[in-house]
1. Yes or no: segment 266-276 includes at least one residue that is more than 17 Å from the chain's Cα centre (by Cα), modelled with pLDDT of 95 or more and assigned to a strand (DSSP E or B).
2. So for segment 286-297 (the condition being aromatic (Phe, Trp, Tyr), out of contact with any Phe, Trp or Tyr (no Cβ under 7 Å at 6 or more places or on another chain), touching a residue at least 40 places away in the same chain (Cβ under 8 Å) and within 25 Å of Glu321 (Cα to Cα)), does at least one residue qualify?
3. Among all residue pairs at least 6 apart or on different chains, which show Cβ distances below 6 Å where the first residue, located in segment 11-30, is among the small types (Gly, Ala, Ser) and buried (at least 21 other Cβ atoms within 10 Å of the Cβ) and the second is modelled with pLDDT of 95 or more and in a loop (DSSP other than H, G, I, E, B)?
4. So, in segment 158-203, how many residues would count as being closer than 18 Å to Leu318 by Cβ, among the small types (Gly, Ala, Ser) and outside any loop (DSSP other than H, G, I, E, B)?
5. Taking Glu204 as the residue in question, decide whether it is under 27 Å from Ala134 (Cα atoms) and not small (Gly, Ala, Ser).
6. Among all residue pairs at least 6 apart or on different chains, which show Cβ distances below 7 Å where the first residue, located in segment 226-246, is crowded, with 24+ Cβ neighbours inside 10 Å and the second is of a type in the set (Asp, Glu)?
7. List, please: which pairs have Cβ atoms under 8 Å, are six or more places apart or on different chains, and start with a residue in segment 59-72 that is under 14 Å from Asp49 (Cβ atoms) and in contact (Cβ under 8 Å) with a residue 24 or more places away in the chain and end with one that is part of a loop (DSSP other than H, G, I, E, B) and β-branched (Val, Ile, Thr)?
8. Which of the residues belonging to segment 55-75 are part of a loop (DSSP other than H, G, I, E, B) and touching a helix residue (DSSP H, G or I) at 6+ places or on another chain (Cβ under 7 Å)?
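The values are calculated or read from the model by the stated rules, or taken from the named source; none is laboratory data. Since this is a predicted model, take the numbers as computed values, not measurements. Ideal geometry is used to build each Cβ from the backbone, glycine not excepted, and the neighbour counts take in all protein chains shown.
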Amino acid sequence: MNSAAAPDQCNSARYAATDLVAFCETLYLARGMRADIAATAARILVEADLLGHSTHGMALLPGYLKALGDKTMLAAGEPVVENQRTVAQVWHGQRLSGLWLTQRAVATATAMAKAHGTGTITIKHAHHIACLAAYLEAPARDGFMVIVQSSDPCTASVAPHGGITPIMTPNPIAIGIPTGSDPIMIDISSSITANGPSMRLMKEGKRAPGIWFVDSEGHGSDDPSVAYVEPKGALLPLGGLDAGHKGFGLGLMIESLTCGLAGFGRADPPQGWGASVFVQVLDPEAFGGLASLTRQTDHLREISHASKPQPGVGRVRLPGERGLARKAAQLADGVELHATIMPALMPLASELGVVLPVLI
């Protein structure tokens, strides 16, 4: 499962995926974004909705357009390579679209991996990078293992294990793994849930299905408002009250690989909504070989599917299976957006003179 995923409340209305990409791209262009950046950013946003991660796709677009308007996201420019070796680079993202920067980093790291077996890029001062799963499928289908991690050093909503005061973000990690068929696509947070699903639950007056939060007195809670309404508590690390040391450790690792290696983090003055990013691509042919990797991953798929399911579970799923099935269905039948997404974009489309996509 993806940390960004949450139970959806969808419209019956559907849109062609190509129309949604064109709509997002046109909104970006109307805000002055450079054409190549707009095209990539639009595609990544819709990819998230295709995979079913509805809090980290087009739902983010109003915030991105606002950031373009107030110049906290730059509409054009290039990352600055601040340090460079054969298989490693550090980029200053110049507050450009994190979606475009991350996709470009995946492409650059893939080129390194083709030549040298591996490539790693860290990015500081990027804007938000949306859904990490959206970067995985293409390189994994091409036979490369891709790892993407992200943190936002300028905000905090997740408490350390045993603590109440938030010190880090949900800090997701995603891994695309080649198989003989569909890739395995893991996308998880180091916290039990992410901010997007939590805030959606709060706005809808719902509670979490478990103890996902800690209140300001240190008590576990299923009420998302305890993390956002004063006096604030926090999101719990993955593992919750009992085993949160595991999620806390994972979060610290991601902080170190993103903020630490990139050279901008929580020890520095905050600069607004954004991301520090770690991207790594591995070519299996530089190790035991792609055929050997896929023999192992195909076997893992088989024994996972063959595992006796728990009551109420039809069959054990591998990470990414549901998302890729949903993507195939929505490419064929239209994308069913969460009920809140298009109403939030309609006023912006009217303001910018952008025609709404047509229902199908």
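1. No.
2. Looking only at segment 286-297, we keep the residues that are aromatic (Phe, Trp, Tyr), and these are 287.
Those still in the list that are out of contact with any Phe, Trp or Tyr (no Cβ under 7 Å at 6 or more places or on another chain) too: 287.
From the residues that got through so far, the ones that are touching a residue at least 40 places away in the same chain (Cβ under 8 Å) too are 287.
Checking which are within 25 Å of Glu321 (Cα to Cα) leaves us with none.
Checked against the condition, which is being aromatic (Phe, Trp, Tyr), out of contact with any Phe, Trp or Tyr (no Cβ under 7 Å at 6 or more places or on another chain), touching a residue at least 40 places away in the same chain (Cβ under 8 Å) and within 25 Å of Glu321 (Cα to Cα), segment 286-297 yields no hits at all.
3. Note: no pairs meet the criteria.
4. 2
5. Against the criterion (under 27 Å from Ala134 (Cα atoms) and not small (Gly, Ala, Ser)), Glu204 qualifies.
6. The qualifying pairs are Gly233/Asp215.
7. Sorted first by the residue in segment 59-72, then by its partner, the pairs are Ala59/Thr340.
8. Residues of segment 55-75 that are part of a loop (DSSP other than H, G, I, E, B), as a first pass: 55-57, 70-75.
Thr55, His56, Gly57, Met73, Ala75 - these are the residues of segment 55-75 that are part of a loop (DSSP other than H, G, I, E, B) and touching a helix residue (DSSP H, G or I) at 6+ places or on another chain (Cβ under 7 Å).
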